[in-house]
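In what follows, a structure is listed as structure tokens, so that the remarks can point back to it.
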């Protein structure tokens, strides 16, 4: 009897070990569709950090998470130049779909290149203060996008500089997303809008 009870108890323990505890906690999982450096955007600053990392790591799934469905890109000076060059539609209707498509073209081009690399930096503006409210924010960032092309014989660097004004709002799940991006050139040099327009 005692041997039978011991066998039954051992079999029960062994059998129970085959199943998960229904009330145990589960392991944490990475956010859906993300890889690389990405953090839940529970503040406007985190959203811009995500954009910066997504751009430098060239991960389009992370990049697109930074934008609202009603996103719009505005580059007024570049638009004027495009109209004067007879290409008035170049910056027209630049919505989220266009932004993701253009940036994906950039990422594909540079991630498949052995000789070229791109590096983006974003830093707060000393001349313009950020405005952060309960559910909306305007963040000013000085950007410098550097394209480095090098091969056995030569090395070439192109730089695109300016000020980006990011308008954000808080959406579902307390996520902050960008709904308007204004690109303002720095002086007479090329800006991010010039670079992006090459890939539309």
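The values are calculated or read from the model by the stated rules, or taken from the named source; none is laboratory data. This structure is a prediction, so every number in the text was calculated from the model and none was measured. Virtual Cβ from ideal backbone geometry, glycine too; neighbours counted across all protein chains shown.
Being more than 30 Å from residue 105 (Cβ to Cβ), at pLDDT 50 or above and surrounded by fewer than 12 Cβ atoms within 10 Å (Cβ to Cβ) is a description that applies to residue 3.
Considering 120, 139, the condition of being under 20 Å from residue 198 (Cα atoms), surrounded by 13 or more Cβ atoms within 10 Å (Cβ to Cβ), in contact with a helix residue (DSSP H, G or I) (Cβ under 6 Å, 6 or more places away or on another chain) and touching a residue at least 60 places away in the same chain (Cβ under 8 Å) is satisfied by 120 alone.
Among residues that are surrounded by 14 or more Cβ atoms within 10 Å (Cβ to Cβ), touching a helix residue (DSSP H, G or I) at 6+ places or on another chain (Cβ under 9 Å), over 15 Å from residue 72 (Cα atoms) and at pLDDT 90 or above, residue 147 is included.
Name the one entry in 114, 153 that is more than 16 Å from residue 58 (Cβ to Cβ) and outside any strand (DSSP E or B). Can you show your working first?
Numbers: 114 fails: more than 16 Å from residue 58 (Cβ to Cβ).
The unique qualifying residue is 153.
Are there any pairs with C-beta distances below 6 angstrom linking a residue in segment 57-69 that is at negative phi and assigned to a helix (DSSP H, G or I) to a residue that is surrounded by fewer than 18 Cβ atoms within 10 Å (Cβ to Cβ) and at pLDDT 95 or above, with the two at least 6 apart or on different chains, and if so which? Between residues of segment 57-69 that are at negative phi and assigned to a helix (DSSP H, G or I) and residues that are surrounded by fewer than 18 Cβ atoms within 10 Å (Cβ to Cβ) and at pLDDT 95 or above, the close pairs are 60/104; 64/100. At negative phi and either out of contact with any strand residue (DSSP E or B) (no Cβ under 8 Å at 6 or more places or on another chain) or not in a strand (DSSP E or B) (or both) - does that describe any residue in segment 136-147? Checked against the condition, which is being at negative phi and either out of contact with any strand residue (DSSP E or B) (no Cβ under 8 Å at 6 or more places or on another chain) or not in a strand (DSSP E or B) (or both), segment 136-147 yields no hits at all.
Only one residue in 181, 175, 169 is buried (at least 19 other Cβ atoms within 10 Å of the Cβ) and under 17 Å from the mean Cα position of the chain (by Cα), so which one is that?
Working: 175 fails: buried (at least 19 other Cβ atoms within 10 Å of the Cβ); 169 fails: buried (at least 19 other Cβ atoms within 10 Å of the Cβ).
Going through 181, 175, 169 in turn, just one is buried (at least 19 other Cβ atoms within 10 Å of the Cβ) and under 17 Å from the mean Cα position of the chain (by Cα): 181.
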